[in-house]
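One structure is given below, encoded as structure tokens.
The values are calculated or read from the model by the stated rules, or taken from the named source; none is laboratory data. Quick caveat, the model's predicted, so the values are computed rather than measured. Glycine gets a Cβ as well: all are built from the backbone with ideal geometry, and neighbour counts include every protein chain shown.
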Amino acid sequence: MKVKNKLRLGFGFLFVVVLLFGMITLFYINEISNSAKVILKDNYESLNFTRDMRTVLDEQDLPLNAKSADYFNAQLIKEEHNITEAGEADLVKSLRNDFIKLQDKTATPEQLKLAGRDARRRLRDIDRVNMRAIVLKNDKAHESVKHAGIFMGLAGTLMFLILFSFSVNFPGFISDPLNSLLDGIREIARKNYQSRIHFDKNDEFAEVANAFNEMALRLDEWENSNISKIMSDKQRIETIIEQMHDAIIGVDENQHILFINSAAKNILGLKEASPEGKSVELLARDNDLFKSIVQGDQTGLPFKIFADGKDSHFQLETRKISVPNLSSVNESEAIRRSQMSAGIVYVLKNITEFKERDEAKTNFIATISHELKTPISAIKMSAKLLADARVGHLNTEQQQLVEHITGDAERLLKITYELLDLSQVETGNIQLNFVVANPAQIIEYAVKAVKFEADQKGLIIEQHIAGNIPNINADVEKTAWVMINFLSNALRYSHTKSKILVNVTREGDKVNFSVQDFGKGIDPQYQERLFDRYFQVPTDGQNKSGSGLGLAISKEFIMAQGGDIHVESEVGVGSRFYFNLPVAEK
């Protein structure tokens with residue numbers, strides 16, 4: 001049997017097993033679902049009807065007025081059409097007779113009272129019948145679930161044993177011939193050209209074995225020739241270059257193609273051509289991509305090429321070839337010549353996989369962050385409602401728990417928005433809305449945003465804005481976001497009842513914004529990494545750490561506006577975070 005047919009049978013068997021187990025699972029899940037549905041539907045409706053009728057009796061005087069009687073009669077009719085249990089029909093019929101008595105205008109109060117008592121007893125009996133039915137049906141459903149679980153467990157175990165046996169035995173049909181072929185290849189690699197492999201079965205592996213044996217015979221003959229050593233070394237080098245996944249192009253000192261592997265031909269569109277030995281200038285004339293590569297325009301920078309039916313990302317590396325030439329020269333000349341370039345190797349590294357992973361990570365972060373906003377906001381709203389005295393009063397411990405929930409929800413929501421901003425940064429989709437803005441207004445907005453938190457902690461925010469500060473050309477929203485982030489960090493790490501300084505000054509053609517606190521400061525070993533993504537300074541447990549994204553996003557926002565961002569800090573003294581933005585042109 002051919003290998004293809006073996007694989008088809010094997011995977012077909014797997015498909016049938018999985019399909020069978022899936023059908024069994026769906027069947028029992030459907031059975032369980034049907035059992036659960038039966039529990040409540042009819043009996044629960046009967047309980048609703050009796051409850052509504054009992055409400056009429058409890059709330060209305062006897063004899064019943066026309067409106068109450070009509071409502072009672074409507075519920076009674078619904079119950080008459082919803083009889084599902086044994087004995088329920090007789091109870092409903094008796095209830096009908098009691099209802100007729102309740103409408104008798106000529107009955108004495110004692111008779112009406114007796115009829116009302118009888119009606120309530122009938123309603124209780126109907127409730128009892130339906131509640132007993134619900135319990136019985138619930139027990140039946142549980143029993144059904146139990147049996148289904150046992151059967152599905154047995155079926156799953158059986159399927160597992162079948163698949164385990166298959167996974168252990170089936171690969172041998174493929175791996176055994178491959179191992180024999182691998183052993184033969186290893187013998188050839190050791191230059192044992194006498195090695196041969198044989199397969200009894202008439203399949204593709206037998207054809208491969210025949211081809212292998214033919215190859216070994218030709219290699220044995222070649223090994224005995226005079227030029228085998230030279231050609232072997234040359235072929236080894238060419239094979240290494242050819243099998244490299246990266247595109248490799250070698251150019252000699254005379255600007256002619258020394259070698260080019262298939263990956264490079266494919267990328268450059270030279271599949272049918274034989275560029276080896278041709279002039280670089282000639283090939284570059286009709287191939288713009290090749291021209292940009294040999295000119296070094298893309299060296300070290302990622303760029304995109306349409307290859308293999310999709311957009312692929314590459315990074316160009318250039319390496320000079322130095323070949324010593326010591327023949328017929330004196331010692332000093334030999335040293336000089338040994339340092340001369342004998343050509344250049346261009347390597348196009350395929351970084352598509354890394355780009356795709358990075359994009360997948362960014363999309364994942366953006367999607368998860370977007371999806372998290374709604375439930376976190378719902379948590380905040382629920383906590384706010386719990387804290388509202390109109391809903392109910394909480395004791396001290398409950399109030400503290402609600403405050404913790406609110407604080408943690410705020411922190412999660414902040415991290416979620418930071419992740420969304422990060423996804424914009426990583427995809428290069430930062431949307432900037434440049435306007436001519438007054439720095440003082442930006443500071444006022446940022447301080448107002450954190451004032452409540454500062455007041456709660458007893459902190460004083462002092463603003464020092466130099467006179468005649470010029471306007472800046474900036475994105476007001478993102479610049480204010482950076483200032484709010486600076487202020488939030490300062491509030492977090494400042495001592496209670498200390499102060500925070502906010503300064504705005506002019507430095508040449510730029511305006512400097514800074515936030516200075518007098519907290520515990522930052523160790524010098526961490527300062528260089530503060531603006532790295534996800535980096536967090538180790539804390540002593542007194543302050544909740546953030547996501548490690550705020551400063552990284554701040555750096556991207558400021559740099560995108562043509563500014564720069566820095567930090568100055570000393571342990572035990574405090575920290576100063578600041579950034580500069582260009583002055584608006586008049």
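Taking the stated definitions as given, is SER575 under 28 Å from ILE405 (Cα atoms) and either touching a residue at least 60 places away in the same chain (Cβ under 8 Å) or hydroxyl-bearing (Ser, Thr, Tyr) (or both)? Don't jump to the end; show me each part of the working.
Values: under 28 Å from ILE405 (Cα atoms): no; either touching a residue at least 60 places away in the same chain (Cβ under 8 Å) or hydroxyl-bearing (Ser, Thr, Tyr) (or both): yes.
Criteria not met by SER575.
Taking the conditions exactly as written (outside the structural domain of ASN202 (by TED's automatic domain parsing), modelled with pLDDT of 75 or more and closer than 22 Å to SER167 by Cβ), does GLY10 satisfy them or not? Before the answer, list the steps.
Values: outside the structural domain of ASN202 (by TED's automatic domain parsing): yes; modelled with pLDDT of 75 or more: no; closer than 22 Å to SER167 by Cβ: yes.
The answer is no for GLY10.
What are the residues in segment 230-283 that are assigned to a helix (DSSP H, G or I) and among the polar types (S, T, N, Q), if any? Please lay out each step first, then the result.
Of segment 230-283, the ones assigned to a helix (DSSP H, G or I) are 230-243, 262-268, 280-283.
Once the filter is applied, which keeps residues that are assigned to a helix (DSSP H, G or I) and among the polar types (S, T, N, Q), segment 230-283 yields SER232, GLN235, THR239, GLN243, SER262, ASN266.
What is the residue count in segment 510-520 for residues that are at pLDDT 90 or above and assigned to a loop (DSSP other than H, G, I, E, B)? Don't jump to the end; show me each part of the working.
Initial filter on segment 510-520 (at pLDDT 90 or above): 510-518.
From the residues that got through so far, the ones that are assigned to a loop (DSSP other than H, G, I, E, B) too are 518.
Qualifying residue count for the region: 1.
If you scan segment 98-149, which residues turn out to be farther than 20 Å from LEU47 by Cβ and under 48 Å from the mean Cα position of the chain (by Cα)?
Those that are farther than 20 Å from LEU47 by Cβ and under 48 Å from the mean Cα position of the chain (by Cα): HIS142, GLU143, SER144, VAL145, LYS146, HIS147, ALA148, GLY149.
Just to be sure before I move on: is ASP139 surrounded by fewer than 17 Cβ atoms within 10 Å (Cβ to Cβ), modelled with pLDDT of 80 or more and out of contact with any helix residue (DSSP H, G or I) (no Cβ under 6 Å at 6 or more places or on another chain) in the structure I sent? Step through it out loud before you land on a result.
Numbers: surrounded by fewer than 17 Cβ atoms within 10 Å (Cβ to Cβ): yes; modelled with pLDDT of 80 or more: no; out of contact with any helix residue (DSSP H, G or I) (no Cβ under 6 Å at 6 or more places or on another chain): yes.
Judged against the criteria, ASP139 is not a match.
Quick one: in segment 28-43, of everything that is surrounded by 13 or more Cβ atoms within 10 Å (Cβ to Cβ) and not β-branched (Val, Ile, Thr), which residue is modelled with the highest pLDDT? Let's see the steps before the verdict.
If we filter segment 28-43 for residues that are surrounded by 13 or more Cβ atoms within 10 Å (Cβ to Cβ), which is where we start, we get 28, 31-32, 35-36, 38-40, 42-43.
Adding the requirement that they be not β-branched (Val, Ile, Thr) leaves 28, 31, 35-36, 40, 42-43.
Working: TYR28: 68, GLU31: 66, SER35: 59, ALA36: 57, LEU40: 56, ASP42: 69, ASN43: 74.
So, considering only residues that are surrounded by 13 or more Cβ atoms within 10 Å (Cβ to Cβ) and not β-branched (Val, Ile, Thr), the one modelled with the highest pLDDT is ASN43.
Is one or more of the residues making up segment 260-267 surrounded by 11 or more Cβ atoms within 10 Å (Cβ to Cβ), closer than 30 Å to ASP183 by Cβ, of a type in the set (Ser, Thr, Tyr) and at pLDDT 75 or above?
yes
Give the residue, chosen from GLU79, GLU85, that is in the same structural domain as ASN43 (by TED's automatic domain parsing) and either assigned to a helix (DSSP H, G or I) or at positive phi (or both).
Unique residue meeting the criteria: GLU79.
For VAL168, which of the numbered conditions (1) modelled with pLDDT of 80 or more; (2) among the β-branched types (Val, Ile, Thr); (3) loosely packed, with under 13 Cβ neighbours inside 10 Å fails to hold?
With (1) modelled with pLDDT of 80 or more; (2) among the β-branched types (Val, Ile, Thr); (3) loosely packed, with under 13 Cβ neighbours inside 10 Å applied to VAL168, the lone miss is (1).
Say whether the condition of being touching a strand residue (DSSP E or B) at 6+ places or on another chain (Cβ under 6 Å), of a type outside the set (D, E, K, R), surrounded by fewer than 20 Cβ atoms within 10 Å (Cβ to Cβ) and at pLDDT below 90 is met by at least one residue in segment 541-548.
Filtering segment 541-548 for residues touching a strand residue (DSSP E or B) at 6+ places or on another chain (Cβ under 6 Å) gives none.
Within segment 541-548, none of the residues are touching a strand residue (DSSP E or B) at 6+ places or on another chain (Cβ under 6 Å), of a type outside the set (D, E, K, R), surrounded by fewer than 20 Cβ atoms within 10 Å (Cβ to Cβ) and at pLDDT below 90.
Kindly indicate which of ILE162, ILE150, ILE174 is in contact with a helix residue (DSSP H, G or I) (Cβ under 8 Å, 6 or more places away or on another chain), part of a helix (DSSP H, G or I), modelled with pLDDT of 75 or more and among the hydrophobic types (A, V, I, L, M, F, W, C).
Details: ILE150 fails: in contact with a helix residue (DSSP H, G or I) (Cβ under 8 Å, 6 or more places away or on another chain); ILE174 fails: modelled with pLDDT of 75 or more.
When all the criteria are applied, what remains is ILE162.
Quick grid of which residues meet (1) crowded, with 18+ Cβ neighbours inside 10 Å; (2) over 28 Å from the mean Cα position of the chain (by Cα); (3) outside any helix (DSSP H, G or I):
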residue: ASN473; (1), (2), (3): no, yes, yes
residue: LYS478; (1), (2), (3): yes, no, no
residue: MET483; (1), (2), (3): yes, yes, no
residue: LEU491; (1), (2), (3): yes, yes, no
residue: ASN503; (1), (2), (3): no, yes, yes
residue: ARG506; (1), (2), (3): no, yes, yes
residue: ILE522; (1), (2), (3): yes, yes, yes
residue: TYR534; (1), (2), (3): no, no, yes
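Looking only at segment 84-100, filter to residues that are touching a residue at least 12 places away in the same chain (Cβ under 8 Å) and β-branched (Val, Ile, Thr); which one of those is farthest from ARG54 (Cα to Cα)?
Per the stated criteria, the residue is THR84.
Tell me which of these GLU453 doesn't satisfy, since it passes every other one: (1) touching a helix residue (DSSP H, G or I) at 6+ places or on another chain (Cβ under 8 Å); (2) touching a residue at least 40 places away in the same chain (Cβ under 8 Å).
Of the numbered conditions (1) touching a helix residue (DSSP H, G or I) at 6+ places or on another chain (Cβ under 8 Å); (2) touching a residue at least 40 places away in the same chain (Cβ under 8 Å), the odd one out for GLU453 is (2).
Just checking, how many residues over segment 366-376 are at pLDDT 75 or above and in contact with a helix residue (DSSP H, G or I) (Cβ under 9 Å, 6 or more places away or on another chain)? Give the derivation first.
Going through segment 366-376, the residues at pLDDT 75 or above turn out to be 375.
When the remaining residues are screened for being in contact with a helix residue (DSSP H, G or I) (Cβ under 9 Å, 6 or more places away or on another chain), the result is none.
The total comes to 0.
Table: residues versus (1) crowded, with 17+ Cβ neighbours inside 10 Å; (2) closer than 30 Å to GLN295 by Cβ; (3) more than 44 Å from the chain's Cα centre (by Cα); (4) modelled with pLDDT under 75.
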{"position": "ARG186", "(1), (2), (3), (4)": "no, no, no, no"}
{"position": "ARG218", "(1), (2), (3), (4)": "no, no, yes, no"}
{"position": "SER225", "(1), (2), (3), (4)": "no, no, yes, yes"}
{"position": "ASP233", "(1), (2), (3), (4)": "no, no, yes, yes"}
{"position": "GLN243", "(1), (2), (3), (4)": "no, yes, no, no"}
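Given the residues GLN194, GLN111, GLN103, which is the only one that is within 19 Å of ASP58 (Cα to Cα), in contact (Cβ under 8 Å) with a residue 24 or more places away in the chain and not hydroxyl-bearing (Ser, Thr, Tyr)?
Values: GLN194 fails: within 19 Å of ASP58 (Cα to Cα); GLN111 fails: in contact (Cβ under 8 Å) with a residue 24 or more places away in the chain.
Answer to the check: GLN103.
Considering only residues that are among the hydrophobic types (A, V, I, L, M, F, W, C) and surrounded by fewer than 13 Cβ atoms within 10 Å (Cβ to Cβ), look in segment 441-462 and name the one that is modelled with the highest pLDDT. Talk me through it step by step, then tell me what you get.
Within segment 441-462, the first condition is being among the hydrophobic types (A, V, I, L, M, F, W, C), and the residues that meet it are 442-443, 446-447, 449-450, 452, 454, 459-461.
Retained after the next criterion (residues that are surrounded by fewer than 13 Cβ atoms within 10 Å (Cβ to Cβ)): 452, 460.
Details: PHE452: 85, ILE460: 92.
Ranking the candidates gives ILE460 first.
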